[in-house]
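Values in this text are rule-based calculations from the coordinates and carry no lab data. As the structure is a prediction and not an experimental result, all values here were calculated from the model. Using ideal geometry, Cβ is built from the backbone for each residue, glycine included, and neighbour counts are taken over all protein chains shown.
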Amino acid sequence: MKRKITLSIALVLSIVLVSLIKSDSPVNAEPPQRFTFDTGVITLGANENLRITAVSRPGSGEPIPVEFRQLNYMQTVCGGGICKQAVSSQTTSAPLRLAPNEAASFTCVPDSVTVRAVVSTTNRYLRVNAIVFDTATQRAKETHEMEPVTFIFY
């Protein structure tokens, strides 16, 4: 009889201990960090394109995921010297991966005068330049190194 009571107590204690081990709390993994390079809205002149180049810097270790996006704007309403613009079309490239010291370029050929380019990645080792390119002279008119804006998605 003593043996049955001891086994019953051991069984009950093991069930209680197993139920205490189980946890329903979610794992709080850190969300991925995104780096976005944004030209802002640019008004291009005649025979001008916007060229975006992305270069994977040394030290990135593994290939960097990159995505290019072009947004074209059209004027909607003007009043009091202020004109409102709205996105008329947008194009997003297929995601690609840049190995260390590789580069990719994207030329925005706008269907309107006003254009914006956005480059997204999850790696801080990406360098992005925006170039206003004159198609008549085949030369760069302006070159700007873009700074990333960091977003953390929750």
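A few remarks follow.
- When the residues of region 92-106 are filtered to those that are among the hydroxyl-bearing types (Ser, Thr, Tyr) and exposed (fewer than 13 other Cβ atoms within 10 Å of the Cβ), the one that is farthest from ASN129 (Cα to Cα) is THR92.
- Sub-6 Å Cβ pairs linking a first residue in region 40-68 that is under 20 Å from VAL87 (Cα atoms) to a second residue that is of a type in the set (Lys, Arg), at least 6 apart or interchain, are VAL41/ARG116, ordered by first then second residue.
- Whether a residue is over 13 Å from the mean Cα position of the chain (by Cα), within 25 Å of ALA46 (Cα to Cα) and not in a strand (DSSP E or B) was assessed, and THR137 passes this test.
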